[in-house]
Each structure stands twice: as C-alpha cells, then as structure tokens.
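Starting off with a structure, shown below.
Values in this text are rule-based calculations from the coordinates and carry no lab data. The structure displayed is predicted, hence computed values, not measured ones. Cβ: placed from backbone, ideal geometry, glycine included. Neighbour counts: every protein chain shown.
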Amino acid sequence: MKHLASATSVLLLAACTTVPPAAPKLPPEQPQPPSAAENVPYPIPDLQSQIDNMGIEIAKLQNQIDTLQTRIRQLERNRPARTAVTVRDNTRHSSEKPSAAPADSPLESARKQYRSGNFAAAAKLLQASESGGSGSEHDRQSMYLLMQSHQRLGNCESVINIGNRYISRFRNSSEAADAMFSIGQCQWNMQQRDVARDTWRKLMLIYPDSAAAKKAAKHADKY
C-alpha cells in the first residue's frame, strides 16, 4: 500500500513536469490599409501594355499620313495634266491664226523699235512677255525679243532670268541654244567666270550641232 502511494506520487509529479506552458496572448491584428492598386477602380496596365498601345496609336497616325501623302500626289499629278491640256488647246488655237503678228501688236511694234535701236522702248512694249505667256509661237517670239532687248541694254540679270525661263519653256526652239549662249556671256560679264564656263559646256552637250555650241566652244577654250 505504501509502495502504491509512492508510485502514484511519482506519476503525478511527472505529469506536472511534462505539461507545456500556456502560450502568451498576442495583441489583436490591426487591419492593413488598402494598397494603391485596390483604390483604383480599374486595373493599371503594365509597361508592356502601354508600349503596345502607343505602337497602335503610332500606326494609326502613320496610316493617316500615308493617306494624306497619297492625296497630295494625286493632286500634283492632276494639276500638271490640266495645265498641259490648256497649253495644247492654246497652241492648237494659235496655230489656226496667221503666224505673222498683226501690224499693231506689241511684238511688231517692239520689232520696229528694236530695229531702230530703241531697245528700252522695245523692252517696255514686251515686259508682259517675260514668262512666255500661254506658250504660243507669238509669245515665244515676244519673250526672245525681250531677252535680246535687255541684252542690248546691258541688263544681264534680266537676260539670265528671262533666258533660263525661255530655255525651260521652249528648249526645242531654234533660238534656245542662242539664249543659253547669251546667259553664259552675261555670267562672264558679271565676273561669274566658272558659272559661265559651266553654262557653255552644258550648251555644247544639249545643242552640240548648233552654231551657238561652236561659238561656246571657242569662248571656253579662249578664256
């Protein structure tokens, strides 16, 4: 009996020593503030999505630019076509008229003044012809005589400007080579020696069989 009581005491003592201590009480968790993403009512796109969206917008703008450029090219193609039709019509109508200028026309009056040595009066009569008018034969002759009048007066800047326009509009005319030679001569007189040589060399290339080309070759070699 005594041994039983001792055993019981030992068991109770062991049980007391193996019981784990009670866990300490932790303070209640505080609610975390909502993140910035939770405050936004819609999802924020990432960097790649933003780049993709920008690429789409750039592509749209490029399409608009291409459309505008196509439209501009169409307008540019149509405008010269209308001008060419107008020139052809004017040429056709002018060919139906006599080639000789009327006695009271500015061209015929300017010819009389030019032959009499009154170059200033001839230039004044033809001042409206410095752009070549409608491109008719009458306008071509008026433009060329105007250039010659300015050359006789020593107005080299006018000779160069009118001569270049004449060659651009009437490059296949019989006086185009002479007009180019006159341009080179004026450039030479204005001390633009290298420019004058280039003009004469161009003359020899474009109109190699003309008398003006032979004259230009002599000047180029001489100077």
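Once you sort the root eigenvalues of the Cα gyration tensor of segment 104-163 as a ≥ b ≥ c, which label holds: rounded (a/c under 1.5), prolate (a/b larger than b/c) or oblate (the other case)?
oblate
What does the charge count around residue 130 come to, taking other residues whose C-beta lies under 13 Å from its C-beta (Lys +1, Arg +1, Asp -1, Glu -1)?
Local net charge: +2.
Please give the length that would be gained between residue 69 and residue 118 if that part of the chain were fully extended, namely 0.36 nm times their separation in residues minus their C-alpha to C-alpha distance (nm, one decimal).
Taking residue 69 through residue 118 to full extension adds about 12.4 nm, to one decimal.
While we're here: Quick check on segment 122-207: take the gyration tensor over C-alpha atoms, sort the square-rooted eigenvalues as a ≥ b ≥ c, and tell me if it's rounded (a/c under 1.5), prolate or oblate.
Here segment 122-207 falls in the oblate category.
Next question, about the same structure. In nm, what is the difference between 0.36 nm times the number of residues separating residue 137 and residue 219 and their Cα-Cα distance?
Taking 0.36 nm per residue and subtracting the Cα distance, the gain is 26.4 nm.
Ok, one more. Quick check: from the Cα gyration tensor, does segment 162-223 come out rounded (a/c under 1.5), prolate or oblate?
Here segment 162-223 falls in the oblate category.
Using 0.36 nm per residue, how much length does the chain from residue 49 to residue 194 gain when fully extended, once their Cα-Cα distance is taken away?
Between residue 49 and residue 194, full extension yields 46.0 nm more.
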